[in-house]
Structures are given as structure tokens and as C-alpha cells.
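Asker: Below you will find the structure I want to go over with you.
The values are calculated or read from the model by the stated rules, or taken from the named source; none is laboratory data. Nothing here was measured: the structure is a model prediction, and the numbers come from that model. Positions of Cβ are backbone-derived with ideal geometry, glycine not excepted, and every protein chain shown enters the neighbour counts. Remember, those area values only see protein heavy atoms, side chains included, never the ligands or the DNA or RNA. Shrake-Rupley method; radii C 1.70, N 1.55, O 1.52, S 1.80 Å.
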Amino acid sequence: MSEQKYYVPDGTYWPIIGSIGVTILFVGFANQMHGVSWGASAMVLGFAIVIFMLFGWLGQVVNESVNGIYNSQVDRSFRWGMSWFIFSEVMFFAAFFGALFYARQISVPWLSGEGNNLYTPELWDGFKATWQQIAFSTPGTTLKSGVEMSIPTQLVDTWGLPALNTALLLLSGVTLTFAHHALRAERRNQVISWLVATIVLGVAFLGFQVAEYGHAYADGLQLTSGIYGSTFYMLTGFHGFHVTIGAIMLSVILYRVQKGHFSADSHFGFEGVAWYWHFVDVVWLGLFVFVYWL
Amino acid sequence: MKRLTTLTSALVALVSTNVFAEYGLNMTEGVTSVSRNIYDLHMMVFWVCVVIAVVVFGTMFYSIFAHRQSKGHQAANFHESTKVELLWTTIPILILVSMAIPASKALIDLEDTSKADMTIKITAHQWKWQYDYPKENISFISNLAQSSKDSIKGDKKPEHYLLEVDNRLVLPVDTSIRFLVTSNDVIHNWWVPDFGVKQDANPGFINDAWAKIDKIGTYRGQCAELCGKDHGFMPIVVDVVSKEDYAKWVAKQQSAQAAVAASANKIWSKSELMAKGESVYNTNCAACHQKNGLGLPPVFPPVKDSKIVNGPASEHIKIVLHGKAAMPAFKILNDVDLAAVITYERVAFENTGSIVQPADVKSAR
Amino acid sequence: MTTATATIPHGVHHHGPEKGLMRWIKTTNHKDIGSLYMWFAFAMLLIGGALAMGIRAELLQPGMQLMEPQFFNQLTTMHGLIMVFGAIMPAFVGLGNWLIPMMIGAPDMALPRMNNWSFWILPFAGGILLSTFFMEGGAPAFGWTFYAPLSTTFAPDSTDFFIFAVHLLGFSSIMGAINIIATVLNMRAPEMKLMDMPLFVWTWLITSFLLIGAMPVLAGVVTMMLTDRNFGTAFFDATGGGDPVMFQHIFWFFGHPEVYIMILPAFGITSHIIPTFARKPLFGYSSMVYATASIAFLSYIVWAHHMFLTGMPVAGGLYFMYATMLIAVPTGVKVFNWVATMWRGSMTFEAPMLWTLSFVFLFTIGGFSGLMLGIAPADIQYHDTYFVVAHFHYVLVTGALWAIIAATLYWLPKWTGKMYNESLAKIHFWWAVISVNILFFPQHFLGLAGMPRRIPDYSLQFADFNLISSIGGFAFGASFFLLTYIVVDCIRNGKPVSARPWKGAKGLEWTLDAKAPYHSFNTPPSRALIEAESQHSA
Ligand code: HEA
Ligand code: HEA
Ligand code: CUA
Ligand SMILES: [Cu+2]
């Protein structure tokens, strides 16, 4: 990378397109939820605009990068940007983990009279605090929102699919590291094989996750199963969403590797995605331990 | 003109300490040990702040006055001293520690509800308070007084405008009382400044607080947590009476409730139900469904021309008894009141529903 | 001068801005984007202020004269939201955009395209938020703190639009913060060490970490609201094992750092203006940096001081009380350092200095009332009364907003190359500072006398102080017409200034042309220049 001036790009249309896209997406979503007929179509349109924007914007960045417009300082800016973006994602998950811990350690025990809630059980005849099974003892309950709670008949088996998924995701972290080493050694074919392996593992993870959701749902563990169902699906759901994004980004990287975009000492695109993938990995470990296991 | 005089008198109030008390410039000392503790803490911290303010602002204003260019003052050039930095880190810490000690004691004391002689359960509803005396088996609802409701838009305000209720909470003096506070819908907060009691009412949980009131009198407070449209209109009035008067009051309440229970067994005529129903409706339902039955759509639906109101009575009884989403459950009303208000809704507003008897409500419970 | 045009790589031929509307939509320039932010914030300040005028008009006298209670709640809620997310935060981001690259000797922000996006999400988010006023059921009416379940089960459909608006606002803030971190850490002139950075840069760097840590949590909590409202989850519903108080914990884990997000950059601004007009270097530069960092750290561990009355166990109450009180220490250090900077200076009192001096005075008063609120048992009587309203307007209006106005006047000559009208600015200052105290000081008394906040109507004993407060409010509101005039007049007709219009001013920005060039530093400043302009050099 040459040491030239810091690259300050010319004006760009992509951000405003992106803003219009997300606005249409969100307005559509809200209307969809309120049963407005055009809501869903607006969502699709907004989503399409966002995708278009992402391709256009990132495509332009890739182009500039390939043409050697970026110096090492720009590269560092990207690194700072990506790391703190990932940190913000960590904090987003932290909110949901916080909810999980709070519910488990505080609100559910308090509902059964612990802490300074000596009198609270008066309101909940016969309620016993058992994490994961909030709803077991009270069939037929409706939430304040009017939704009837779903009563699970069985809980997810930690050492079945979740354990397998843990193994898959950990393995994918390893294969991705191999891919990185290969890239540093400029062995493109190896990079490609390891990347493909990583993506396959990621997709397999997603497949099993969907299968597991199917079982859980059939057994009655649903979003409406009280706080356990809520935290379970929101945490694993957002995680699965991130795996999906990660897998798509890995595929783009795979394509770029094939195109020969990266060199041994200049491959921020690859590294940024790898960081992201490892982050998704670590989140899963937290999920496995706190949602499925303990 | 009247405004102008109040304005001038208020400005006078600002400068003359005498009038301060009258206009309520400071926190009340209240009538419980807790409220007095709080008051003392408040004044202590306040004076500490005043002293610090005098020192800090005094220095600043001296400097502004003396070290100005227009007076020909030349700027010095010092800009660092670890010594003073340490000094003005340590001194505030010491001050804070000396405040924290009495504050901790007060906090520990006021959270200790173990020594209470009697219990009152307070349940908040949008926008009224329900008081239960579990041992005495008394239960009633306390709404904003009609006199206040009627004068919200008018010019003539009654004496305790917005601080008067239809049914007051009655408590004995010199008795340790435990308040159990909860809510039926959103978060409210039961606050009587003179007791030093302010406790969030959280739906699904019961919080507690206590007070031992040492002066007979009438005390007023308000809901202190935003709870929707009529948050500003759910006052609290407490009559603190001698222990003998309290016993008398309890006996009277109990016999009144027995009479109501007895009347639930007879068959009521339509006009009796309608007359009673109208007043029950106006106190309990009109806040949302409005006096004219038109509601405030989209949040509060009309009861005029409603499918439920004009449909089978059982569904109507069910929604009023058990509530639905933002519609509160009215299990707390007695069978007679419920039969009356349901009948009223079904007949008034040009509705065409059947009348409902207390026995119907009883069997639906 | 540093406008030298060294060879610029191909594809990058900017000699100046494009013309017309497209310049503003497409711009990647930190100054353009800074200006956009500032104008947006100003528009929002006027809208939020107009809503506040509605509040004060209804509270002018007892009884409901102008509106229904529900609409009053909408005013309160939207006033709080618009002021916090629409006015104060964007104004500081705008100042950061304008000033940071100039202060650290950089050509621009590190990620200019993303910078554009950070801004151009805002008008859409603001538009969605404001549009709720016109929806069925009205705008959000559950307070800017939107406690569940009032904001979930009991709120109108428009709430879902509010939720998405918050998502967008959060997205914008996070991108803005990432950009500032990358800029400060990566774009600094190679010769500038961290401890050479001006305090405004320091405070913004630290604020960015608050933003990145806090905003995603806000996004999380509104997402939980969304699913509780629409998809049957039970985060905040005890029936399903959730807890409305959990909402408050998550909200305030964001909310408390948020209030320091709105004050730390103000501290930075103050630390520039006082030395300039005292003609004396800032006292205790490094302790200022450490104090800022301590405040930021503490701000993450005190959140439940907003929740003393939720039924918290004693141990929690004690802990949060102690932690809260501790914040007075580093904040005190800042105040003392400012006073020490003035001490034995050679002070003059141009408008920016007047705003800053009154900032120190009035913010400290707000800090004292904050300390009183932090005393857990005493908060029983203060909580949710006008005492709290008085507290936070002293720290927000005469704190954050004051600093923003001071900064605008102080750097306006650098932005425009022209000088504002000093005597008008002085008139405006005295008008504002007197009326704002008539507006907010009596609210302390109202709160202590027992007037709850967020009520549209009150009993008769509160009438007099409310009347005074409203009159002060209208007078203060009207002062913004003059402010608008002063700024526009400066841009249009101001007298040209020299590169360093304030005699005592230090900082790299003053070494640029009188009107700062479109690209700040194309060649980084030298060590000698940095040292000469640093805040801790004598
Ligand atoms: C810019 C915003 C800002 C700032 C800087 C602060 C600063 C502080 N705030 Fe404030 N606060 C708000 C904005 C802010 N606050 C808002 C918006 C709310 C209401 C939210 C809502 O409910 O809507 C609120 C509410 C609020 C509460 C909750 C009240 C309640 O609802 O019951 C509390 C309680 O502890 C509190 C405390 C403090 C403290 C201790 C500080 C401290 O940081 C102050 C420190 C400063 C000083 C103390 C002065 C200077 C120091 C010295 C001169 C040193 C010597 C001093 C001593 C040793 C005493 N604040
Ligand atoms: C962040 C900054 C901020 C700022 C700058 C302000 C500025 C003002 N605030 Fe606000 N306020 C909050 C943040 C802020 N506030 C928050 C967070 C809340 C809590 C909300 C809640 O409870 O949820 C609150 C709540 C709040 C209340 C309590 C409401 C209640 O509890 O019901 C009141 C009442 O007096 C009030 C008044 C004012 C006034 C008069 C101003 C003035 O300083 C405004 C002056 C500015 C202008 C007036 C703009 C100029 C306008 C024009 C030039 C247009 C022409 C207009 C006319 C003159 C009609 N505010
Ligand atoms: Cu009930 Cu406010
Ligand atoms: Cu706080």
C-alpha cells in the first residue's frame, strides 16, 4: 500500500438511498403489524432498496480498494470502525442477556416471594418459580396483551442439536482461521477450500437451528411461553440472524478471493468478516451456556 | 387583574421569608418519623451545598470582579498543581462520606416494615385507588371527587381542587401501618408527602412501605408516576383519626357492606338498576368510555352501539369482570354495582341490551 | 497557511463544494455535515421549544384550558424526546464534526460517507417521530422514558412508529460515534499525542464510548417493547415471568449514560472558552482528562438512582446512592479547575464568555440538586416532582444548551469568517439568562411543595409559581427569535475577521484561514505548531 494522501471521497448518493430504504422498510413493517394491506409490499420494497444500496455502496468501496486508492491509514480507519461496530453489537446482545439474567435471578424468584417480595405471592396463587417452566403451573393464562400463553410440554435437550451446533460453530471458527493463514501465505486454493468449509458449517448450523426451532415449537415452547420463551427466541433468533448475515458476507468474501481482491498484507475485507464471524461464535457460546445448558 | 395581584404577591413571597411557609416553598416536615428524617437529611444536604456554593461562586465572582482586563489585571501563567488537585478531590469525598452516613441510616430504617401493627393493601387502577383492609374485611374504591371533576373546565374551583376524593382512606393515629402497594394495570405511585411514603405500584408485584402517623388530621397526596391520560387526576386523601373513632368507622363500614351483600339477593327493578348504574358508570367508567358512551377511539372504544353491549349479557359481564388488555377488571365492585352499571350500559346510549341482575353477576364470578 | 494542495490521488479532485441542493445531500465534507447537523438541531430546538410553550401555556393557571389531558402528555413526551434526540445530541455531533478534524490537524473525518449517512438518517427518524402526532390515537404519551407497560399494552398503534424512529436515531448515533473514535484515534496529526489533544476532542472521544455502549442497549429495549406489543413475548409482563421494572433497569442503563452524553462535550467547550477569555492556560489539563474519564466510567454504574422507589432492596438503594454521590467528585474537579483558570487571569466578557460563566454557575446549581436527588431517602420526597424537572433543566438547558450557544458564538467567526453583532449578543444573553431563571427556579419550590411532574393540571396552592414559571418560559422562548437573528445576521452581514479573532484563543483551528477552508489540514501541522497551540502549554 502506498503512503499517499488520505482518501476523502466525493459526494455520494448511497446514504440517502439507504435512509429512504430503511424508512420504507420500517414504515411498511409497522403498517404490516397493524394489518394495513400495503404494509408487506412496502417492506419488500424497502428491503430491496437497502440491498441495492449495500451492493452499490460496498461495491464502490471494493472498487476503490482494488484500484489502490486507499492507503494504510484508510485501512486503519476501517479497522477501528469495524471493531467498534462489533462492540456495539455486543452491547445489543448484552441487553438481551441482561434481560435473561434479570428474569432468572430476580423477577421470577421475586414473583414467588423472594428478595423483598414477601407479599407478592398473594397475587399469584400457587405459583412456583422454576426457570424455563414459568407457564407449566398455570395453563390457560393470558398475557396482559391478550395473547394466550403457550405451555411447553418438553424442553430443548441441551446435549442434542444445541451441542452439535456448538461443535459446528466452533469448528467453523477454526476453518476460518486456517483460511486466514492460507491467505497470509498467499495460497489461494486453500483459502477457497477453507472458506467453503466455513460457509458449509455455518449453513449446516442454520439448518439444524431451524430443525430445532421446529421441534421446540411443536412441543409448545414458543415466543408466547412467557419470559423463557421470550428470551430464548429473541436471543437465538437474533443470533441466527447474525449467522445468516455472516454467512452471506463470507460468501461475498469467497467471491472476492476468487477474483483475487486480496493480497497477503492487504485484506481488510476478509479480516473484518472474520472478526464478525468470531463474534457470532462467542455469542453462541454464551447462548449455549446460559440459554440451553444452565 | 386577579392574575396581576397573585403575580405581585408571589413576587413578594420570593423575598419575604414570612410568606415562604404559606406558599409551600420547602419540603414538608410531615407527621411521621420517616418524613422528619427525610426533612432533616434534605436540609442538611441543602446547607452543605449552600456552603460549597458560597465558597466556589465566591471565588469565581471575586476573580471576575478583580482579575479583569478592564481593571488592567495582568494574566498569571500558572496552570498545574497536583497538590491542589488532590486537595479538591479529597475534601469533597470527606464531605460526601459525612452525608452518606445519616442517609444510609435513614434508608435502612424506612425500608424495615417488619414492625407493623396493621396492614393496608393499596391497589392502583387507571385512575383510582382501591383500598383493602384485609383483617377488617373492608374494601372500597377512591375516586377524584365529583366537585373537582365538574370544575376542571370552569373558573370556580372548590377548596381542595384535584385533591379531594369520594371515599377517603381512614387510618388510626399512633399505629404502625404497613402499606402493601400494587397495581392492576400500569405503574402508579402512592404518595402522601406528610407520611414520607412514596411507593411505586407495579403490576404483578407487591411493594411495601410503612408509616406511624403521630398527628390526627387530613393528609393529601397524588399519584406520582405517569400512568396515562388521567395521571393528574388520581389524588389520595387520608383521614387520620383517633383509635376509638377508627374502631367506630370500621364497624360502620362492615355493617354497610353487609347490607349491600344482602341486597344482592333480591331482584332489582330496571329503574333501580338504571339509577344506581348511572352513578357507578360516571365514577368508574366515564374516564375512558366518556359520559356520553362514545369513548375515545381508538384506544377507548365506545359502548354506544357496541357489539358486546348489545349482545348476550354473559360476554358483557365477562369483559367487565375480567377486563381485556387496557380495559381493567372490575371484580372489585360488588355484585349490585356491577349489575347496575352493566344494565345501565345496555340500556342507556340508545343501546338495546337486556337488563342484568346481581345474581347473574354472582354466578359469573 | 495549510490549504496547500499537495498531489491528490486520482478520482479526488475536490476544489470545493458542489452547487445546489445536491451538495447537501451528497456531501462527504465534515464542515457541510456539521452545518447540516447544526441546522437540523436548531430546527428541532424550535419545534421542541414550541411544544414546551404548549406545556407552559396549559400550566399557566389551574384548570384545563387549551387541551385534553392526553394531548398534554403527548406534548411532554415529544418535547423530551425531541429535545434530547433531536436538538441536544445532534447539536453536539454537529459541533464535533465541524471542530474535531480542525482541532487534530486532519483533512476530514475518517469515514466520510458514513458520516453523511449518520446525518441523513436523522431527518427521516425525526419525520417518523413527528408524524405520530397525526396518527390515530396521537403521538406517544408515556413520557420520554416510555415505561412499560404504559408504553406496551396501554399505548396506541403509533408507538410502533416511535419504536422504529428510536431504532433509526440509535443507528445514526452509533455510526456518528464510531466515526469520531476512528477520526480521533487514526486521523490525528502524526505529531499530536493523545495528551496534546484539546479537551473538546477528549470529551467527545469519551462521549463516543458512552454512545457505543449505551445506544445499542436502547435499541434492545425498544425491540423488546416491539415484541411485547406485537408478538406475544412477556419481557415486561409479570404474568409471563417478566417484570415492568426490568424495563426501567435496561432503559436507565442507557438513560443515565445518555445524560452525560449530553454534558461531557459541554464540559469540553467550557474548557476552551474560559482560558481564551481569561488569557491564561487551562488549569489542570490532565486532571480534566482523568475527571472526564471517571465521570464516564461512573455513569455506567449508577443507573438505578432513577429507580429508588421501584421497590429496590436496601442493599441496592445503598449501592446506587453511594455510586451516584461519587460523581460529584470528578465533576467538582472540573468546576474547581475552571475557577482556578479564571483566578488571576485577565478576563474580558464577550458573549461566549458570558454564556460560559453562567454555564459554570447554573450547571453547578443543577449539579447540587442532582446530588440532593441522589440521596436515596430524600429522593422519596423529590422523585417525580418538579424538583426533578428543575434539576434536569438546569443541567440540560443552562448546561448543555448554554454550552451549545456559547460554542456557536465562539466558533461562528471561524465557520463564517465573519463576526456576529456583539452588543445584540449581550442583550440576548441577559434576556435569556434572566428569563430562564424565572422559568426554572420556581420549579424547585413547586417540587418541594409537592407538585408531581407530568400532570396537565394542578391544585390551587401551586398556581402562583406556575404562573411565574410560564411567564419566564414565554420570555425565554421569545429570546430565540433574537438568537436566530444574530446568527443569520452574522452569516449575511457580519464584518470579516482575522484568522484568530479572539486574542487569547489557542488551538489548531485558529491557525486556519479566517473562514476555515473546505478541507481542513491537507498537510498535517508540525510538532512546533501543535505545541504552541496546545492547551497545556504556557
Ligand atoms: C446533562 C444532564 C444531566 C447531568 C449532568 C446530571 C447530573 C446529575 N444528576 Fe441528573 N438527571 C438528568 C440529567 C442530568 N443529570 C435528567 C434528564 C433527569 C431526569 C430523567 C427523567 O426522569 O426524565 C435526571 C434525574 C436525576 C435523578 C433521578 C431523580 C428522580 O427521578 O427521582 C438523580 C438521582 O440521583 C440525578 C442525580 C444526578 C447527579 C448526582 C448528577 C451529578 O453528575 C452532578 C454533579 C455535579 C455537582 C455536584 C456540582 C459540582 C460539584 C462541586 C462544586 C463539587 C463539590 C460538591 C460536593 C461535594 C457536593 N439526576
Ligand atoms: C434536552 C433538553 C431540554 C430543553 C432544551 C428543554 C427546554 C424547555 N423545557 Fe423541557 N424537558 C426535557 C428536556 C428539555 N427541555 C425533558 C427530557 C423533559 C421530560 C419529559 C418527560 O417528562 O417525559 C422535559 C420536561 C419539561 C417540562 C415538564 C413537563 C411535565 O412534567 O409535564 C416542562 C414544564 O415546564 C418543560 C419546559 C421547558 C421549557 C419552557 C423549555 C425552554 O427552555 C424551551 C425554550 C425554547 C423555545 C421556546 C424555542 C423557541 C421557539 C420559537 C422561537 C418558536 C416560537 C414559539 C413560541 C414563543 C410560542 N420541560
Ligand atoms: Cu396513577 Cu399516575
Ligand atoms: Cu441519572
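Asker: On a 0 to 90° scale, report how tilted helix A:161-184 is relative to the longest principal axis of chain A, with both axes built from alpha carbons and the result rounded to the nearest 10.
Answerer: Tilt of helix A:161-184: around 10 degrees.
Asker: Charges at C-beta only: +1 for Lys and Arg, -1 for Asp and Glu. How large is the resulting dipole of chain B about its Cα centre, in Debye rounded to 20? Don't skip to the answer; put the middle values down first.
Answerer: Working: 37 positive and 36 negative charges, 119 e Å.
Approximately 580 debye in magnitude.
Asker: Round to the nearest 0.05 the FRET efficiency obtained for residue C:489 and residue C:518 when R0 = 22 Å and r is the Cβ-Cβ distance.
Answerer: Working: r = 24 Å, r/R0 = 1.08.
FRET efficiency, residue C:489 to residue C:518: 0.40.
Asker: Assuming a viscosity of 1.567 mPa s and a temperature of 4 °C, what translational diffusion coefficient in µm² per second does Stokes-Einstein assign to chain B, Rh being the Kirkwood radius over Cα pairs?
Answerer: Values: Rh = 24.7 Å.
D, rounded to a whole number, is 53 µm²/s.
Asker: Let me ask another. Taking each residue of A:58-67 in turn, how many C-beta atoms of other protein chains fall within 10 Å of its C-beta, and what is the average?
Answerer: On the way: counts 0, 0, 1, 1, 0, 0, 1, 0, 0, 3.
Across the residues of A:58-67, the mean count of other-chain Cβ atoms within 10 Å is 1.
Asker: So, one more: Can you compute the modelled spin-label distance between residue A:289 and residue A:217, with each label point 7 Å from Cα toward Cβ, in nm?
Answerer: That separation, rounded to one decimal, is 3.1 nm.
Asker: When only alpha-carbon atoms count, how far does chain C stretch along each of its three principal axes, as whole angstroms with the largest first?
Answerer: 67, 51, 46
Asker: Also: Give me the percent of DSSP beta bridges within the protein assembly as shown that run antiparallel, rounded to the nearest 5. It would help to have the intermediate numbers written out before the result.
Answerer: Details: 37 of 50 bridges.
Percent antiparallel among DSSP bridges in the protein assembly as shown is about 75.
Asker: Indicate the gyration tensor shape class of the range B:118-261 (rounded, prolate or oblate), computed on the Cα atoms with a ≥ b ≥ c the square roots of the eigenvalues: a/c under 1.5 is rounded; otherwise a/b larger than b/c is prolate and the rest oblate.
Answerer: On the way: a/c = 1.44, a/b = 1.23, b/c = 1.18.
Because its axes are fairly even, with a/c under 1.5, the range B:118-261 counts as rounded.
Asker: Can you compute the charge dipole magnitude of the range B:135-238 about its Cα centre, using +1 on each Lys and Arg Cβ and -1 on each Asp and Glu Cβ, nothing else charged? Give it in debye, rounded to the nearest 20. Kindly include the intermediate steps, with their values, before the conclusion.
Answerer: Details: 12 positive and 14 negative charges, 21 e Å.
The calculation lands at about 100 debye.
Asker: Mind jotting down the distance between the C-alpha centroids of the range C:118-178 and the range B:230-248, whole Å?
Answerer: After rounding, the separation between the Cα centres reads 40 Å.
Asker: Give, as ranges by residue number, the residues of the range C:186-201 whose backbone N falls under 18 Å from the point 7 Å along Cα→Cβ of residue A:72.
Answerer: Only C:186-192 pass the distance filter.
Asker: A further question follows. Specify the angular offset, from 0 to 90 degrees and rounded to the nearest 10, of the alpha carbon long axis of helix C:386-395 from the longest principal axis of the alpha carbons in chain C.
Answerer: Rounded to the nearest ten degrees, it is 10.
Asker: For a 24 Å ceiling on Cα separation, which of these pairs sit above it: C:426/C:495; B:135/B:243; B:198/B:331; A:144/B:331; C:31/C:418? Could you put the intermediate results ahead of the total?
Answerer: Numbers: C:426/C:495 17 Å; B:135/B:243 16 Å; B:198/B:331 26 Å; A:144/B:331 16 Å; C:31/C:418 16 Å.
Going by Cα-Cα distance, B:198/B:331 fall outside the 24 Å limit.
Asker: While we're here: Could you tell me how far the Cα centroid of the range B:254-306 sits from the Cα centroid of the range B:178-208, in Å?
Answerer: Measuring centre to centre over Cα atoms gives 27 Å.
Asker: Could you name the aspartates and glutamates in cross-link range of residue A:5, using Cα to Cα under 18 Å and dropping any fewer than eight places away on the same chain?
Answerer: Straight-line reach from residue A:5, under 18 Å: A:64, A:75, C:108, C:191.
Asker: Rank these by accessible area, largest first, 1.4 Å probe: B:227, B:288.
Answerer: Details: B:227 0, B:288 25 Å².
Final ranking, largest accessible area leading: B:288, B:227.
Asker: A follow-up question, please. Under 15 Å from the Cβ of residue C:513, count the other residues' Cβ atoms, weight Lys and Arg +1, Asp and Glu -1, and hand me the total. Write down the numbers at each step before the final one.
Answerer: On the way: positive: C:31, C:414, C:418, C:500, C:515; negative: C:509.
Every neighbour counted, the sum reads +4.
Asker: Continuing with this model, one more query. Going by the alpha-carbon gyration tensor, a ≥ b ≥ c the square roots of its eigenvalues, is the protein assembly as shown rounded (a/c under 1.5) or, if a/c is not under 1.5, prolate (a/b greater than b/c) versus oblate?
Answerer: On the way: a/c = 1.94, a/b = 1.28, b/c = 1.51.
Oblate is the answer for the protein assembly as shown, as a/c is 1.5 or above yet b/c matches or exceeds a/b.
Asker: Follow-up. If you count, for each residue, the other Cβ atoms within 10 Å and average over each peptide, how do A:169-175, A:257-263 line up from highest to lowest? Each step should come with its number before you reach the end.
Answerer: Values: A:169-175: 18.6, A:257-263: 14.3.
For the peptides A:169-175, A:257-263, the packing ranking is A:169-175, A:257-263.
Asker: Computed on alpha carbon atoms, what radius of gyration and Dmax characterise the range B:67-162, expressed in Å?
Answerer: According to the Cα coordinates of the range B:67-162, Rg and Dmax are 29.0, 81 Å.
Asker: In chain B, which longest range has no GluC sites (Glu not before Pro) that are both DSSP loop (not H, G, I, E or B) and surrounded by at most 13 other Cβ atoms within 10 Å?
Answerer: On the way: sites that count: B:159, B:350.
Counting at most 13 other Cβ atoms within 10 Å as exposed, the longest clean stretch of chain B is B:160-349.
Asker: Under 18 Å Cα-Cα from residue B:71, which lysines qualify once same-chain neighbours fewer than 8 residues away are excluded?
Answerer: C:280, C:503
Asker: Shifting gears a bit: For the range C:344-374 and the range B:118-177, what is the centre-to-centre distance using only Cα atoms, to the nearest Å?
Answerer: Each part reduced to its Cα centre gives a spacing of 45 Å.
Asker: Here is a follow-up. Among B:206, B:311, B:103, whose Cα projects farthest towards the positive end of the dipole of chain B, with charges put on the beta-carbon of Lys, Arg (+1) and Asp, Glu (-1)?
Answerer: Farthest along the dipole direction, towards plus: B:311.
Asker: Go through the range B:155-238 and name the trypsin sites (Lys or Arg not before Pro) that are in a DSSP coil and have 15 or fewer other Cβ atoms within 10 Å of their Cβ. Spell out each step's value before the answer.
Answerer: Values: sites: B:156, B:168, B:178, B:198, B:212, B:215, B:220, B:229; in loops: B:156, B:168, B:215, B:229.
Sparse-neighbourhood loop trypsin sites (Lys or Arg not before Pro): B:156, B:215.
Asker: Would you be so kind as to identify which of C:369, C:120, C:417 lies farthest towards the positive end of the dipole of the protein assembly as shown, taking Lys and Arg as +1 and Asp and Glu as -1 on Cβ and the Cα centre as origin?
Answerer: Comparing the listed Cα positions along the dipole, C:417 ranks first.
Asker: Summing +1 for each Lys or Arg and -1 for each Asp or Glu, what net charge is found among the other residues whose Cβ lies under 12 Å from the Cβ of residue B:175?
Answerer: Numbers: positive: B:115, B:178, B:212, B:243; negative: B:117, B:174, B:214.
So the surrounding residues net to +1.
Asker: What FRET efficiency, computed as 1/(1 + (r/R0)^6) with R0 = 51 Å and r the Cβ-Cβ distance, is obtained for residue B:135 and residue C:67, rounded to the nearest 0.05? Don't skip to the end; give the middle numbers.
Answerer: Values: r = 45 Å, r/R0 = 0.88.
Plugging the Cβ-Cβ distance into 1/(1 + (r/R0)^6) gives 0.70.
Asker: Whats the longest run of chain C with zero trypsin sites (Lys or Arg not before Pro) that are DSSP loop and have at most 15 other Cβ atoms within 10 Å?
Answerer: On the way: sites that count: C:19, C:193, C:503, C:515.
The segment C:194-502 is the longest one with no such site.
Asker: Further question on the same structure: Using θ = phi - 60° and the Karplus form 6.51 cos²θ - 1.76 cosθ + 1.60, what ³J(HN,Hα) does each residue of the range C:205-217 get, whole Hz, x for Gly and Pro?
Answerer: The phi angles translate into 4, 5, 4, 4, 5, 5, 4, 5, x, 9, 4, x, 5 Hz.
Asker: How big is the range A:72-293 in terms of Cα radius of gyration and Dmax, in angstroms?
Answerer: Considering the range A:72-293 through its Cα atoms, Rg and Dmax are 21.4, 69 Å.
Asker: At 7 Å along the Cα-to-beta-carbon direction for both residue C:25 and residue A:141, put a label point, then send me their distance in nm to one decimal.
Answerer: Going from the residue C:25 label point to the residue A:141 one covers 5.3 nm.
Asker: Taking a ≥ b ≥ c as the square roots of the eigenvalues of the Cα gyration tensor of the range B:217-365, is the shape rounded (a/c under 1.5), prolate (a/b larger than b/c) or oblate?
Answerer: Working: a/c = 2.37, a/b = 1.28, b/c = 1.86.
Oblate, since a/c reaches 1.5 and b/c is not below a/b.
Asker: About the Cα centre of the protein assembly as shown, how large is the charge dipole given +1 on each Lys and Arg Cβ and -1 on each Asp and Glu Cβ? Please answer in debye to the nearest 20. Intermediate results must be reported in sequence, preceding the final value.
Answerer: Values: 73 positive and 77 negative charges, 483 e Å.
With Lys and Arg at +1 and Asp and Glu at -1, about 2320 debye.
Asker: Still on this structure, please answer the following. Would you compute, from DSSP H runs of 4+ residues alone, the mean residue ellipticity of the protein assembly as shown at 222 nm, taking -39500 (n - 2.57) per run and dividing by the full residue count, rounded to the nearest 500? Walk me through the numbers before you get to the answer.
Answerer: On the way: 39 runs with 696 residues, N = 1197.
The helix contribution divided over the protein assembly as shown gives -19500 deg cm²/dmol.
Asker: Calculate, for residue B:59 and residue C:430, the FRET efficiency according to 1/(1 + (r/R0)^6) with r their C-beta to C-beta distance and R0 35 Å; round to the nearest 0.05.
Answerer: Values: r = 23 Å, r/R0 = 0.66.
My answer for the efficiency is 0.90.
Asker: Taking the 0 to 90 degree range and rounding to the nearest ten, how far is the long axis of helix A:268-287 tilted relative to the main principal axis of chain A, both from C-alpha atoms?
Answerer: 10
Asker: Next up: Report the convex hull volume per residue for the range A:1-70, counting only C-alpha atoms, in Å³.
Answerer: It comes to 74 Å³ per residue, whole-number rounded.
Asker: Follow-up. Suppose we flag GluC sites (Glu not before Pro) only when DSSP calls them loop and at most 16 other Cβ atoms lie within 10 Å. Which is the longest uninterrupted stretch of chain C?
Answerer: Here the longest run is C:192-538.
Asker: Sticking with the crude label model, points 7 Å out along Cα→Cβ, report the distance from residue C:475 to residue A:163 in nm, one decimal please.
Answerer: It is 7.6 nm.
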